[in-house]
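Encoded as structure tokens, the structure appears first; notes follow it.
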Amino acid sequence: MKYSQPIGVIAALGIIGICFLPWIYIASIHTTVTGLYAEGTSFGKPGLLNIFFSALSLIFFLIPKVWSKRANVFIATINFAWALRNYILLAGCLAGECPEKKVGLYLLLLASLIVLLMSFFPRITIESKGEV
């Protein structure tokens with residue numbers, strides 16, 4: 001794809017921004033959980049690893065080497081798996097109470113999937129050393 005690298009960079013930046021959006025609302029403790037704020041729960045900072053892998057993926061999108069494109073597939077896969085883990089962990093019902101899912105949780109999954117798909121289509125030129 002011609003625009004896979006810019007789309008991947010934009011989606012990686014989007015993931016970093018999405019980690020600051022509300023992901024779920026827990027009515028019993030009146031808490032809105034974001035990727036970096038989960039006070040009153042045992043979730044920790046679920047978006048911190050997404051931010052790290054998105055920043056690493058962003059760097060790999062910008063480096064025009066074959067090794068970086070191969071490593072980017074690996075990093076993007078881990079990022080998508082962590083986003084899926086966050087969705088399952090945060091959106092699941094616990095002790096009969098289901099949290100209200102916010103748009104940030106869905107956007108995280110979508111942006112992580114876009115980064116993963118764009119990592120499959122790197123734009124790189126390969127120089128030939130001789131005639132065959």
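The values are calculated or read from the model by the stated rules, or taken from the named source; none is laboratory data. Just so it is clear, the model here is predicted, and its values are computed rather than measured. In this analysis, Cβ positions are derived from the backbone assuming ideal geometry, glycine residues included, and neighbour counts consider all displayed protein chains.
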Identify, by number, the condition in (1) assigned to a loop (DSSP other than H, G, I, E, B); (2) over 26 Å from Thr125 (Cα atoms) that Leu89 doesn't meet. (1)
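Filtering the range 47-60 down to residues that are aromatic (Phe, Trp, Tyr) and crowded, with 18+ Cβ neighbours inside 10 Å, which residue is nearest to Thr125 (Cα to Cα)?
Top of the filtered list is Phe60.
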Please specify each residue of the range 100-116 satisfying the condition of being among the hydrophobic types (A, V, I, L, M, F, W, C) and in contact with a Ser or Thr (Cβ under 8 Å, 6 or more places away or on another chain). Val115, Leu116
Candidate set: the range 21-46, residues that are touching a residue at least 24 places away in the same chain (Cβ under 8 Å) and assigned to a loop (DSSP other than H, G, I, E, B); chosen: the one surrounded by the fewest Cβ atoms within 10 Å (Cβ to Cβ): Ser28
Residues in the range 66-89: is at least one over 19 Å from Gly14 (Cα atoms), at pLDDT below 90 and charged (D, E, K, R)? no
Checked pairs for the range 107-127, first within 15 Å of Pro6 (Cα to Cα) and in a loop (DSSP other than H, G, I, E, B), second among the hydroxyl-bearing types (Ser, Thr, Tyr) and modelled with pLDDT under 95, C-beta under 7 Å and 6 or more apart or across chains, list as Phe121/Ser4; Pro122/Ser4; Arg123/Ser4
Do we have any residue at all in the range 95-105 that's free of Cβ contacts under 8 Å to residues at least 60 places away in the same chain and assigned to a helix (DSSP H, G or I)? no
Qualifying position, being surrounded by 15 or more Cβ atoms within 10 Å (Cβ to Cβ) and not hydroxyl-bearing (Ser, Thr, Tyr), among Ile88, Ile15: Ile15
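Could we say that Thr41 is at pLDDT 90 or above, over 19 Å from Ile16 (Cβ atoms) and among the polar types (S, T, N, Q) here?
Judged against the criteria, Thr41 is not a match.
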Can Leu105 be described as touching a strand residue (DSSP E or B) at 6+ places or on another chain (Cβ under 6 Å), under 25 Å from Gly8 (Cβ atoms), modelled with pLDDT of 90 or more and surrounded by 14 or more Cβ atoms within 10 Å (Cβ to Cβ)? yes
Would you mind finding the one in Ser54, Ser68 that is in a helix (DSSP H, G or I), within 17 Å of the chain's Cα centre (by Cα) and among the polar types (S, T, N, Q)? Ser54
